[in-house]
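**Q** To start, I am sharing the structure in question, which I have written as structure tokens.
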Amino acid sequence: MLKTILLNRHLCNLLSPYFTPKASPAELVSLYEEVVNTLHIDSGDIIFMLLTKFDVTQWLSATQPPFPERSRLMTIIHQALCTCGLNPEPEVLMPFNIFCKHWTELLLYQFPDHYSDFLRLLMQSSSEQLLSPDCWRASLRVLGCSSQPIIKTGKTRSILLSPQQVDETIEWLSKFFLKLRLSNRDFRSFGLLSKWGPYIDEVKLFWKDLITYSIDLELNNCSKEPVGSPRLVKALENLNTKTAKLFEPWILVLDTDSNSQPRCSPWLESDATAAAGLVSLYGCLTKTLHEKFKDHLLPGQRGALWLHLMHYCKTCTSPKMPEYLLYTYHTEYTRLPWKDLHPDQTLMNQFFNVERGSPKSCFLFMGELLCEVNWVSALSDALSPQPSPSAQTMVVSLLYLMVFLAKEDFLLNKPESPVLNLLGQTSSLPWHLVDSPSYQNVTRYVSTHYPSSLVLSGDTSSQQVIKLLQMAAGFGLPTQSLHHKDMTLKCQAFLHLMVQFLTSLDQNGNISLASLETEMEKLLEYIVLFNPSETDLQQRHMATCSLFAEMLTLLNEAGISTAEGLGTKLHSWVEKRARGLLVLPLLTAACRCLASVRHMARTTEACIISYFTDGGCADQYSGWGPILVSLQVPELTVEDFIQESLSLGSYLTLYVYILQKLNQDQTLLNEKKTLMLISSWINQVFPSGPADEAKLFLWWHKFLELLQIQVDQEDSCGLDTLILTLMAFQNRLAQLGEERLNSGILGAIGLGRKSPLSSRFRVVARSMSAFILVQVPSESQLRLHAGTEMQISAKAQQALAVLEVMPSNKQYSELQVSVYQACQFIKYPGHCLRDSIRLLILLINALYTDLHYLDIIR
């Protein structure tokens with residue numbers, strides 16, 4: 001009959017009286033499905049006629065079909081409702097109403113058999129806008145949800161669900177919508193309201209009745225509890241959590257991995273009105289919770305509840321709701337014992353996640369209340385040997401809070417400013433628990449929301465902010481004995497921020513060189529305080545190196561004249577303060593990070609001198625070994641670096657370069673090239689004074705050592721070149737040993753200015769010059785074996801004579817013992833050219849006992 005009607009629609013009026021589905025109850029679901037499958041705009045009237053023949057209520061009561069059969073029918077009816085769509089056409093409106101009637105009749109039968117199916121189908125199809133809101137309204141009516149206000153009788157609303165079902169419904173809905181919000185990019189980026197707008201009034205009604213029912217039920221269950229009992233507090237916490245989880249997917253601001261859009265708003269601007277209504281409901285429900293529980297709690301407990309109310313209402317994008325709540329309860333809030341309040345992480349998260357979009361007055365008022373908390377007490381758990389994750393998170397939240405509020409003049413200028421009072425607790429708080437990503441987020445916030453002048457400001461709040469950031473990084477923390485989480489990265493981030501501010505001030509002409517030098521020295525002193533938890537020396541080296549690298553950026557970003565001044569300040573600081581474990585990391589950082597080879601050469605030299613001033617040379621391996629590893633000459637600018645080092649007198653730096661060059665290629669050819677390189681350097685440089693002169697002894701020593709190796713090869717062809725190289729060296733020694741400079745016209749006639757070199761240096765230079773002359777009898781001969789006849793040339797005799805009479809000169813009188821020993825050494829037939837290094841060592845040990853960098857050749 002059904003098939004005949006569907007195939008011959010013009011016969012519907014004639015045949016429909018004979019269509020009686022109840023006559024075949026076992027086939028009713030299949031018949032219903034066939035009707036639904038033919039639903040179309042053109043067939044609306046026929047479908048309506050056929051649907052009137054299905055008495056679902058009678059079928060259920062008379063047949064008592066099994067659950068799977070009923071469940072199948074519910075799915076079919078749901079399919080029919082979805083076919084009718086979001087806004088049913090007039091042609092299908094009558095069938096739609098019958099579908100809604102059958103839908104609710106099936107839901108009510110042996111309730112709650114089909115409640116879970118009903119809820120799942122309703123939510124899934126609504127998320128795709130497949131259902132009409134009328135379907136929601138019909139469903140809510142049968143569940144007992146009403147838009148009418150509750151009459152204050154003290155009784156819970158007459159809702160169809162049991163207490164357990166209400167709890168399970170709230171939990172299921174919370175999970176469903178959170179999963180939905182995270183399910184795809186559209187929901188993550190634009191929120192749920194982009195699809196749920198048509199149903200928002202019904203959603204609000206459903207949520208309101210569920211939460212209100214839970215509140216009334218909990219209050220009735222606790223009616224006999226004494227005021228402030230743990231059970232009451234627990235019930236309150238559960239209700240807060242339950243409400244938060246239900247609304248969270250709708251109002252949650254999501255973090256993303258995108259730099260261009262790091263956070264996703266929970267709704268589009270076009271959904272703002274619907275969103276305001278939803279969030280207003282959130283605030284109203286919490287307000288209801290507050291009003292119903294307030295007389296059952298102690299004052300301190302009421303404060304905690306009201307603080308929850310504040311963080312819920314401040315999520316509202318419409319200013320009316322939060323402003324109303326703020327000013328309504330302002331007087332009572334300020335009387336509450338905030339110092340005894342321990343905020344929870346839910347509150348702190350909400351405070352930060354709507355910080356941008358919330359009304360300013362709400363943000364400031366909330367911040368002021370949070371400043372009143374006794375955070376030292378509130379975070380006492382964080383100081384335990386094994387702090388909980390929640391305690392660590394709260395420490396991070398407090399850091400955010402302090403940085404957010406410390407820039408607000410409204411709060412800073414108040415009498416007994418709560419922000420300044422909170423900043424005053426900085427030294428007592430467990431900042432060692434702050435992790436690196438969180439700290440870096442804080443410094444990024446400071447860099448974009450605070451002026452660069454923060455580093456120079458003399459006002460209390462600015463100084464306190466700098467101190468807060470310093471201590472949270474790990475510089476000079478009283479709890480230094482505690483393991484400081486991610487200390488190196490945090491200290492690096494702090495220095496990066498300070499350098500960023502100083503660079504900005506310098507480039508805008510807002511800081512003098514003297515102030516810049518002072519601030520740079522402060523940064524260096526921070527690094528002195530740095531004490532990372534790593535015990536491995538290499539790890540500590542790289543950790544400290546990373547801090548110096550951040551600081552040296554200041555020189556790279558400064559103008560030429562400013563950078564020159566900063567470089568001078570850096571070197572004087574190195575001379576005074578850099579010792580031990582500080583020098584080597586700075587040496588590495590200078591080579592890696594300084595853009596100017598001039599600054600690089602000056603800094604490396606200062607570091608090496610400082611290293612040995614501290615007695616860094618225990619033996620030749622532990623002395624220069626760490627220097628060789630730490631100093632890395634830049635390959636791309638090696639020639640420029642060498643020339644700058646020569647002109648600046650960075651002779652120790654170049655000595656390291658020589659040692660590294662010889663270590664990398666231990667061949668005769670490389671040693672010969674290095675010998676010629678040293679020879680050319682010796683002929684180029686003239687020390688500017690006593691501070692630099694002794695550095696040349698390292699070059700001389702290496703020159704003589706390499707020369708001896710080449711001579712030992714007994715290559716007659718190359719001997720002439722070696723003799724010429726040696727005599728050039730001797731000639732340079734003679735020049736360095738002169739009492740007056742022989743450069744220029746006056747120098748040529750013996751009237752040059754007085755040599756800046758010391759008397760003891762001239763003794764060494766003249767002694768070495770005379771010894772070499774004695775050991776080179778002719779231009780083609782070297783005296784290589786002890787005991788052979790000494791053929792002293794006239795030039796050698798003259799050099800010896802000059803050396804012997806030196807003690808008669810007043811300036812050399814104190815050096816007569818060393819001069820005498822040198823003369824005896826030179827004249828002794830048992831010494832040959834191979835003993836030149838012995839003479840050099842003899843003189844250095846006698847005259848330069850105070851310089852540790854010479855220990856390598858002693």
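The values are calculated or read from the model by the stated rules, or taken from the named source; none is laboratory data. A quick note: this is a predicted structure, and the numbers were derived from the prediction, not measured. Here Cβ is always computed from backbone atoms with ideal geometry, including for glycine, and neighbour counts include all displayed protein chains. Each accessible area value is taken on the protein alone, full model and side chains, heavy atoms only, with ligands, DNA and RNA left out. Shrake-Rupley method; radii C 1.70, N 1.55, O 1.52, S 1.80 Å.
**Q** Give the residues of the range 370-379 that are open to solvent by 10 Å² or more (accessible area, probe 1.4 Å), farther than 19 Å from LYS467 by Cα and either among the β-branched types (Val, Ile, Thr) or part of a helix (DSSP H, G or I) (or both), sorted by residue number.
**A** Answer for the range 370-379, where residues must be open to solvent by 10 Å² or more (accessible area, probe 1.4 Å), farther than 19 Å from LYS467 by Cα and either among the β-branched types (Val, Ile, Thr) or part of a helix (DSSP H, G or I) (or both): SER377, ALA378.
**Q** Pull up the range 780-801, narrow it to residues that are free of Cβ contacts under 8 Å to residues at least 24 places away in the same chain and assigned to a helix (DSSP H, G or I), then point me to the one that is surrounded by the fewest Cβ atoms within 10 Å (Cβ to Cβ).
**A** Only one residue fits best here, namely ALA794.
**Q** Across the range 570-590, which residue is nearest to LEU537 (Cα to Cα) among those that are in contact (Cβ under 8 Å) with a residue 24 or more places away in the chain and surrounded by fewer than 18 Cβ atoms within 10 Å (Cβ to Cβ)?
**A** Here the residue is LEU581.
**Q** Same structure again: Looking at (1) without any contact (Cβ under 8 Å) to a residue 24 or more places away in the chain; (2) in contact with a His (Cβ under 8 Å, 6 or more places away or on another chain), which one does TRP103 not meet, given that it meets all the others?
**A** Only one criterion in (1) without any contact (Cβ under 8 Å) to a residue 24 or more places away in the chain; (2) in contact with a His (Cβ under 8 Å, 6 or more places away or on another chain) is unmet by TRP103, namely (1).
**Q** Say we look at the range 13-46 and pick out the residues that are of a type in the set (Phe, Trp, Tyr) and modelled with pLDDT under 85; which of these is most open to solvent (accessible area, probe 1.4 Å)?
**A** Taking the candidates together, the pick is TYR18.
**Q** Here is a follow-up. Within the range 442-455, identify whether any single residue is hydroxyl-bearing (Ser, Thr, Tyr), in contact with a Ser or Thr (Cβ under 7 Å, 6 or more places away or on another chain) and in contact (Cβ under 8 Å) with a residue 40 or more places away in the chain, and answer yes or no.
**A** Taking every residue of the range 442-455 in turn, at least one turns out to be hydroxyl-bearing (Ser, Thr, Tyr), in contact with a Ser or Thr (Cβ under 7 Å, 6 or more places away or on another chain) and in contact (Cβ under 8 Å) with a residue 40 or more places away in the chain.
**Q** Looking only at the range 376-418, count every residue that is under 16 Å from GLN463 (Cα atoms) and aromatic (Phe, Trp, Tyr) and tell me the total.
**A** So the answer is 1.
**Q** Quick one: which residue in LEU39, LEU73 is of a type outside the set (D, E, K, R), touching a Leu at 6+ places or on another chain (Cβ under 7 Å) and under 27 Å from TYR115 (Cβ atoms)?
**A** LEU73
**Q** Against the condition under 56 Å from the mean Cα position of the chain (by Cα) and closer than 30 Å to PRO17 by Cα, how does PRO133 come out, does it pass?
**A** no
**Q** I've got another one for you. Working only within the range 662-680, note down all residues that are in a helix (DSSP H, G or I) and open to solvent by 60 Å² or more (accessible area, probe 1.4 Å).
**A** Scanning the range 662-680 gives ASN663, GLN664, LEU668, LEU669, LYS672, LYS673, MET676.
**Q** Take the conditions of a type outside the set (A, V, I, L, M, F, W, C), surrounded by 15 or more Cβ atoms within 10 Å (Cβ to Cβ) and within 22 Å of TRP375 (Cα to Cα) and apply them to GLU408. Does it pass? Walk me through how you get there before you give the answer.
**A** Details: of a type outside the set (A, V, I, L, M, F, W, C): yes; surrounded by 15 or more Cβ atoms within 10 Å (Cβ to Cβ): yes; within 22 Å of TRP375 (Cα to Cα): yes.
The answer is yes for GLU408.
**Q** For ASP381, indicate whether it is of a type in the set (Asp, Glu) and more than 25 Å from SER504 (Cβ to Cβ).
**A** When the stated conditions are applied, ASP381 passes them.
**Q** Could you tell me whether any residue of the range 833-849 is modelled with pLDDT under 95 and open to solvent by 20 Å² or more (accessible area, probe 1.4 Å)?
**A** yes
**Q** Go through the range 723-740 and give me each residue that's closer than 17 Å to TRP681 by Cα and out of contact with any Lys or Arg (no Cβ under 9 Å at 6 or more places or on another chain).
**A** Hits for the range 723-740 are LEU724, THR725, LEU726, MET727, ALA728, PHE729, GLN730, ASN731, ARG732, GLN735.
**Q** May I ask you to say which residue of GLY615, GLY567 is at positive phi and either at pLDDT below 90 or crowded, with 19+ Cβ neighbours inside 10 Å (or both)?
**A** GLY615 is the lone residue from the list that is at positive phi and either at pLDDT below 90 or crowded, with 19+ Cβ neighbours inside 10 Å (or both).
**Q** For the range 380-396, does any single residue satisfy the condition of being open to solvent by 60 Å² or more (accessible area, probe 1.4 Å), of a type in the set (A, V, I, L, M, F, W, C), modelled with pLDDT of 75 or more and assigned to a helix (DSSP H, G or I)?
**A** Yes, that holds for at least one residue.
**Q** Sticking with this structure for a sec: With the requirement that a residue be crowded, with 23+ Cβ neighbours inside 10 Å and within 26 Å of GLN64 (Cβ to Cβ), what does the range 76-99 give you?
**A** ILE77, HIS78, ALA80, LEU81, PHE99
**Q** Would you kindly identify the helices (runs of 4 or more DSSP H) lying entirely within the range 147-213 that contain at least 3 residues that are at pLDDT 90 or above and exposed (fewer than 14 other Cβ atoms within 10 Å of the Cβ)?
**A** Once the helices (runs of 4 or more DSSP H) in the range 147-213 are filtered for at least 3 residues that are at pLDDT 90 or above and exposed (fewer than 14 other Cβ atoms within 10 Å of the Cβ), what remains is 163-181.
**Q** Follow-up question, since we're still on this one. Within the range 823-851, how many residues are within 20 Å of GLU705 (Cβ to Cβ) and in a helix (DSSP H, G or I)?
**A** Number of matching residues: 15.
**Q** Could I ask something else about it? Would you point out which residue out of GLU804, GLU814 is at pLDDT 90 or above and surrounded by 14 or more Cβ atoms within 10 Å (Cβ to Cβ)?
**A** Result: GLU804 is the single residue among GLU804, GLU814 that is at pLDDT 90 or above and surrounded by 14 or more Cβ atoms within 10 Å (Cβ to Cβ).
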